[in-house]
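First up is the structure itself, then whatever we jot down about it.
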Amino acid sequence: MPFELALGARNRKSPFFEATVAAGVTQFTVYNHMYMPTSYGDPAAEYRRLTEGVAMWDVSVERQVQLAGPDALALARILTPRNLDKLKPGQGRYVPICDHRGAILNDPVLLPLADDLVWLSIADSDMVLWARAIAAERGLDVTVSEPDVSPLAIQGPKAEEVVAGLFGEWVRELSYFGFRETELDGIALVVARSGWSKQGGFELYLRDGRCGTDLWNRVVEAGRGHDIGPGSPNPIERMESGLISIGADTDDETNPFELGLGRFVDVEQETDFIGKAALARIADEGRRRQFVGYRIDGPPLAAPAQHRWPLHAGGKPAGFVSSAGFSPRVDGGSNIGVGLVETGLAEEGTELACDSETGPRTAKVAYLPFATGGS
Ligand code: THG
C-alpha cells in the first residue's frame with residue numbers, strides 16, 4: 001500500500017502495543033478507538049499456528065464495559081434479550097445487545113464477577129455510551145465505566161498446554177466462557193476459556209495496563225516449547241466456524257434472528273429488555289435475511305474483501321458477501337465467504353452472481369460452519 005495509518009490521540013495504543021511491534025506486527029486496524037494488530041506479515045503461518053498449534057493475539061480492543069453497583073445485573077438484563085435468570089458468578093455468557101428496533105448493536109461476552117459487578121467484553125461499537133444512557137433513563141443505581149482491563153487471547157489446539165503451564169492444572173477444568181480471577185507473579189488477571197475462534201483457547205484479561213509487555217513476554221516464554229507465535233483474530237478461521245463480526249456482517253437493520261442467534265433471544269421472560277416488542281414482532285413475522293456461508297469460484301482470493309460484495313439473482317439484489325478469502329481446509333482448498341442473503345435464496349447450493357473486487361464471480365450458498373476435513 002502506498003500509504004500509512006495515522007496514529008494520534010483520538011485512538012489509543014494497547015498495553016501490548018510495544019510488545020506487538022517488537023514481535024513484528026505489519027498491519028493494524030482501528031477498533032473501539034484503538035489500534036489492533038491484524039497481521040505479522042505471513043497469513044498462512046498465522047492460520048497454521050491457530051489451526052495446528054498455538055497463537056497469541058492482542059485483543060485489548062475488546063474493551064470491558066463495567067457495570068458496578070446494586071443494579072449491575074438489572075442493567076445487564078435490560079441490555080440483552082438473552083435470559084439471565086440462571087447467571088452465576090464465574091460463568092460467562094454470549095449476550096447480543098439490540099436497539100429498540102431489534103437491530104443488533106454488539107455481541108459481547110458477559111462476565112459476572114460478583115452480584116454487583118459485571119463486565120461486558122464488547123465488539124466494535126460504543127457500548128459504554130449506550131449502557132450509561134440506558135442506566136440513567138431507567139433510573140438504575142449502577143456506575144458504568146471502562147476499566148483498565150485488556151484481553152490477550154491464546155488460541156489453538158495447544159493453547160491449553162501453554163495456559164496450564166502458566167497457571168496450573170485447574171485451567172483445564174474451566175467450562176466454555178468460565179473464568180477465574182487470579183494473578184501471575186503479582187500481575188492481576190482474569191483467566192477465561194474463550195476467544196473468537198473454534199480452535200479452543202483462553203483469554204487473559206490483564207488488569208494493569210503497565211504490565212502489558214511483561215505479560216506478553218511471559219506467555220511467549222511459556223509457549224516456547226509449543227512453537228507459539230503472534231497472530232490476530234483470524235478472518236479465514238472465523239468464516240469456517242461461522243463466527244459473527246459485528247459491523248462487517250451486520251448493517252443498521254440486522255437482527256439476531258437473521259444472524260442465527262435466535263436461541264439467545266427470550267421474548268417470554270419478565271424483564272422489559274431493550275428491543276423486546278420489536279423482537280417479538282420479528283419472531284412472529286420471520287426473518288427477511290439469513291447469515292450463511294458461500295463457496296466462491298474463480299482464482300484463489302489473494303487478499304481479504306475490502307468492502308461488501310453485492311449479490312444478485314435474476315438481476316435482483318439478493319444480499320451481500322461481507323467477508324471472503326481462501327481457506328486451505330474447505331474442500332481441500334477453496335474460496336469462501338460469509339454474509340446475509342434473502343431468506344428465499346438461503347438454501348444450500350443456491351447460485352448467486354457476485355460483484356467481487358477482482359470481477360464477477362459465482363457465490364454458492366453453504367451452511368455454516370464449513371466442514372474443514374480433519375475435525
Ligand atoms: N474476546 C473477548 N470479547 C469479545 C470477543 C473476543 N467480545 C466481542 C467479540 N469477540 C465477541 N464475539 C464472539 C462471538 C462468538 C463467540 C465468542 C465471541 C463464541 N461463540 C460460540 C459459538 O458460536 O458456538 C458459543 C456461543 C454459545 O453457545 O454461548 O465462542 O474474542 N474477550
Query raised in the report: Which ones in segment 194-216 are touching a Ser or Thr at 6+ places or on another chain (Cβ under 7 Å) and part of a loop (DSSP other than H, G, I, E, B)?
Result: SER197, LYS198, GLN199
Requested in this report: For ARG295, work out the one condition from (1) surrounded by fewer than 23 Cβ atoms within 10 Å (Cβ to Cβ); (2) within 16 Å of the ligand (Cβ to nearest atom); (3) within 23 Å of ARG361 (Cβ to Cβ); (4) not hydroxyl-bearing (Ser, Thr, Tyr) it doesn't fulfil.
Outcome: (2)
**Report entry** Odd one out for THR250, checked against (1) farther than 23 Å from TRP309 by Cβ; (2) in contact (Cβ under 8 Å) with a residue 24 or more places away in the chain; (3) assigned to a loop (DSSP other than H, G, I, E, B)
**Finding:** (1)
Requested in this report: Consider only pairs whose beta carbons are under 8 Å apart and that are at least six residues apart or on different chains; among these, list those whose first residue lies in segment 287-313 and is within 23 Å of ARG263 (Cα to Cα) and whose second residue is modelled with pLDDT of 95 or more and aromatic (Phe, Trp, Tyr).
Outcome: ARG287/PHE257; VAL292/TYR367; GLY293/TYR367; GLY293/PHE370
Query raised in the report: Pick from segment 166-184 the residues that are more than 18 Å from ALA114 (Cβ to Cβ) and touching a helix residue (DSSP H, G or I) at 6+ places or on another chain (Cβ under 7 Å): which of them is nearest to the ligand (Cβ to nearest atom)?
Result: VAL171
Report task. Those residues that are away from the ligand (no atom under 16 Å from the Cβ) and either assigned to a strand (DSSP E or B) or without any contact (Cβ under 8 Å) to a residue 40 or more places away in the chain (or both), I need them from segment 122-165; list them, please. Result -> LEU129, ARG132, ALA133, ALA136, GLU137, GLY139, THR143, VAL144, SER145, ALA164
Query - Hits in segment 167-193 - residues which are out of contact with any Gly (no Cβ under 9 Å at 6 or more places or on another chain), of a type in the set (A, V, I, L, M, F, W, C) and either part of a helix (DSSP H, G or I) or more than 25 Å from GLU52 (Cβ to Cβ) (or both) - result: PHE167, TRP170, VAL171, LEU184, ILE187, ALA188, LEU189, VAL190
Query raised in the report: Out of (1) within 13 Å of the ligand (Cβ to nearest atom); (2) out of contact with any Lys or Arg (no Cβ under 9 Å at 6 or more places or on another chain); (3) over 28 Å from PRO235 (Cβ atoms), the odd one out for GLN64 is which?
Result: (3)
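Give the number of residues within segment 333-361 that are in a strand (DSSP E or B) and closer than 11 Å to ALA313 by Cβ.
So in segment 333-361, the residues in a strand (DSSP E or B) come out as 334-342, 351-356, 359-361.
If we keep only those that are closer than 11 Å to ALA313 by Cβ as well, we get 341-342, 351-354.
The number of residues fulfilling the criteria is 6.
The values are calculated or read from the model by the stated rules, or taken from the named source; none is laboratory data. These numbers were taken from a predicted model, which means no experiment stands behind them. We place every Cβ from the backbone using ideal geometry, glycine too, and count neighbours over all the protein chains shown.
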